[in-house]
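Report on one structure; see the data block that follows.
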Amino acid sequence: MSEPLTRYIYGIHAISKIINSDKKRIKKIYFKKNTTSKNLHLLQQKALECSLFIEETTIDQLTLLSQTSKHQGVVCELEDINLSVFDLQNFINLHTKPFILILDQIKDPGNLGACIRTANAVGCDLIIKRKSNSAPISPAVHKASCGGTSGIYIYESNDLNGIVKKLKNNNIKIFGTDHKARSNYRDINKIKYDGVCVIMGAEDVGISRSLKNTCDDLFSIPIEGSVECLNISVACGIMLYEVAKYR
């Protein structure tokens, strides 16, 4: 049984999404006292109609809970599961053709949230992220994901090499990215696969060498203009949607 954890998300749009998609996880919603915001009043009414617990509190308390002053006057307390506890083999047994994203050392919360948002949108079944040297699933990540952390499995581990080995033993193709790769992402259509895992690496150095060596295929994303590279969340979106096109 996974140990219950408490997580916080903030922002009117993000919390509205959670109420729509996963309100059972909501423990309490904290609203700014004496607010004059119409959108906050509408969100509070929506929460009450869903029989959710609410509490009015100070701006300072909202900032403390969310770890930011950009909370828009509302913070939501969620009951979450321990991301380090996950039965990968059971997941593989239940998903005969899984679509998996591995994120290796994504350090920026905004980038991590954006990658999670895209993975959710494209239909990924599971996100696996490195636990150390990586941004945690913080309120900022929840905010950037725009509700993308709901309805998708997220698993944290430092044994990404062991995980990839298990995936390959279950006939799941492993795709990675490398700017020096001879094949570019448009060549994905030449490869046959059912279950597939896409690995995306850190913003500065990409996928770690040991993990790159485990990939079945590596792809580059051509750069035609004067910039050196794409933002990791943009590159992640390109890869995921290209893979999804041929599944």
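The values are calculated or read from the model by the stated rules, or taken from the named source; none is laboratory data. Only a predicted model underlies this, so the values are computations on that prediction, with no experimental measurement involved. Backbone-built Cβ (ideal geometry, glycine too); neighbour counts: all protein chains shown.
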Practice task
From (1) under 15 Å from the mean Cα position of the chain (by Cα); (2) at pLDDT below 90; (3) closer than 18 Å to Leu126 by Cα, pick out the condition that doesn't hold for Asp194.
Solution key: (1)
Completion exercise
Cβ pairs under 6 Å, 6+ apart or interchain, first in the range 167-180 and under 17 Å from Leu103 (Cα atoms), second part of a helix (DSSP H, G or I) and β-branched (Val, Ile, Thr), ordered by first then second residue, are Ile174/Val164
Handout entry: Residue that is modelled with the highest pLDDT [pool: residues in the range 54-74 that are in a helix (DSSP H, G or I) and among the hydroxyl-bearing types (Ser, Thr, Tyr)]
Key = Thr63
Practice task
Filter the range 47-67 for residues that are buried (at least 16 other Cβ atoms within 10 Å of the Cβ) and farther than 15 Å from Lys28 by Cβ and give the result.
Solution key: none
Exercise for the section: Check Cys76 against each of (1) surrounded by fewer than 18 Cβ atoms within 10 Å (Cβ to Cβ); (2) closer than 14 Å to Tyr8 by Cα and name the one condition it does not meet. Expected result: (1)
Handout entry: Residues satisfying the stated conditions in the range 93-102, i.e. surrounded by 20 or more Cβ atoms within 10 Å (Cβ to Cβ) and more than 16 Å from Thr177 (Cα to Cα)
Key = Phe99
Problem - Lone unmet requirement of (1) crowded, with 17+ Cβ neighbours inside 10 Å; (2) part of a loop (DSSP other than H, G, I, E, B); (3) among the small types (Gly, Ala, Ser) for Ala119 - result: (2)
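Matching residues to (1) crowded, with 19+ Cβ neighbours inside 10 Å; (2) in contact with a Phe, Trp or Tyr (Cβ under 7 Å, 6 or more places away or on another chain):
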| site | (1), (2) |
| --- | --- |
| Lys166 | no, no |
| His179 | no, no |
| Ile191 | no, no |
| Val196 | yes, yes |
| Ser208 | no, no |
| Lys212 | no, no |
| Phe219 | yes, yes |
| Ile232 | yes, no |
| Gly237 | yes, no |
Fill in the blank from the handout: Filtering the range 35-53 down to residues that are within 14 Å of Cys76 (Cα to Cα) and assigned to a helix (DSSP H, G or I) yields Leu40, Leu43, Gln44, Lys46, Ala47, Leu48
Exercise for the section: Would you mind finding the one in Leu78, Leu64, Leu43, Leu48 that is free of Cβ contacts under 8 Å to residues at least 12 places away in the same chain and within 18 Å of Lys17 (Cβ to Cβ)? Expected result: Leu48
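Table: residues versus (1) aromatic (Phe, Trp, Tyr); (2) over 29 Å from Lys168 (Cβ atoms); (3) surrounded by fewer than 21 Cβ atoms within 10 Å (Cβ to Cβ).
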residue: Lys70; (1), (2), (3): no, yes, yes
residue: Phe91; (1), (2), (3): yes, no, yes
residue: Asp104; (1), (2), (3): no, no, no
residue: Gly110; (1), (2), (3): no, yes, yes
